[in-house]
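Step one of this worksheet: look at the structure below.
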Amino acid sequence: MKIYQEFYDSKTKHYVYEFFGFKIKVKNKYSVLYEYIDKKTDAILNVFDNYYDITKCPKAKFELREKQLEILKFKRIEKICKQHNLTYWLEGGTLLGAIRHGGFIPWDDDMDICMPRNDYEKMLQLLIKEFENDPTYYVRQRAVKLNYYQIRIRKHKINIGLDIFPVDEYYKSNLDTDEIEEITLARKKALKAFKRKWKERRMNEKEVAQSKKDLRLFTNKFIMKNNKPKSENPALFYGIDFPYDNAKKYTAMNHETVYPLKEVYFEDVKCFIPNDTHTYLKNLYGNYMRFPR
């Protein structure tokens, strides 16, 4: 007897799934299959979480490791930040890799960093100048057809590179959970309003420039409440042009979660990370010491 098989019953117009001899009929081809896969995945992850230390995963090998080592050539980005006194910190899977693996997550193939908005804008101009005569890499400030404005440095013909995301300052500090939730909701409203005005499509340079101005306009209107004076240690929130916010429970954080920045080694490069990495990573991934699905 097969553990699992699938076939289509043309008479009843249902898909039939058989698990360990039990047959189930459904109209939606994938619902039961996905449920079955989810249960198997949970069982496998449970074994991994209980019997294997994720921090001891071996480094990537072969082509993936070659990509990772190629990305580390972006030490020049860290050098630019130092030369111009620009602030950055590791973000997302790169931060997780630094804390959990001392470098790249074994299955990761890019690097992510965050920068305060003002430094982010300065960095864009510096990078355009840095790579204008370099045929190996290119600098992109907007996805071709999407409203994603993060800086992306990529190597031509090979899908490797580094992403830089903008972070904005709020006008208050020491936010409680309700206020963080409020900013998260306000940010969604701002992004929705922005996307209503600017549909996701190709834009010319003039349209990109105007849409970036509107990003600030909608941020001020919905989140900043029209430029109230900022506190000395303002809370932070991901800019509405930050593309991956759906993965985050909250899109705002207190000043002390990020500052003062700390330094750790990422592979062989000394990099800055948020002050409270536990809170930062917990917001991103929940239990970040578990194996991902």
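The values are calculated or read from the model by the stated rules, or taken from the named source; none is laboratory data. In this text, all values refer to a predicted model and were calculated from it rather than measured experimentally. To get the accessible areas, we keep the full protein, side chains included, count just its heavy atoms, and leave off ligands, DNA and RNA. Shrake-Rupley method; radii C 1.70, N 1.55, O 1.52, S 1.80 Å.
Miscellaneous remarks
- Solvent-accessible area per residue, Å², over segment 182-284 with all protein chains present [probe radius 1.4 Å]: 56
- Evaluating 6.51 cos²θ - 1.76 cosθ + 1.60 at θ = phi - 60° for every residue in segment 198-211, the Karplus couplings come out as 10, 5, 6, 6, 5, 10, 7, 4, 5, 5, 4, 4, 5, 5 Hz, glycine and proline recorded as x.
- Sulfur and carbon atoms: percent of accessible area, the chain [1.4 Å]: 52
- Cα gyration tensor category, rounded, prolate or oblate, for segment 112-266 with a/c compared to 1.5: oblate
- Accessible solvent surface per residue of segment 41-161, calculated while the other protein chains remain in place, 1.4 angstrom probe, Å²: 53
- Between 0 and 90°, nearest 10: helix 177-197 axis offset from the chain longest Cα axis: 90
- The H on the amide N of Trp89, modeled in the peptide plane, is under 5 Å from the matching H of Cys114, each at least 5 residues off or on a different chain.
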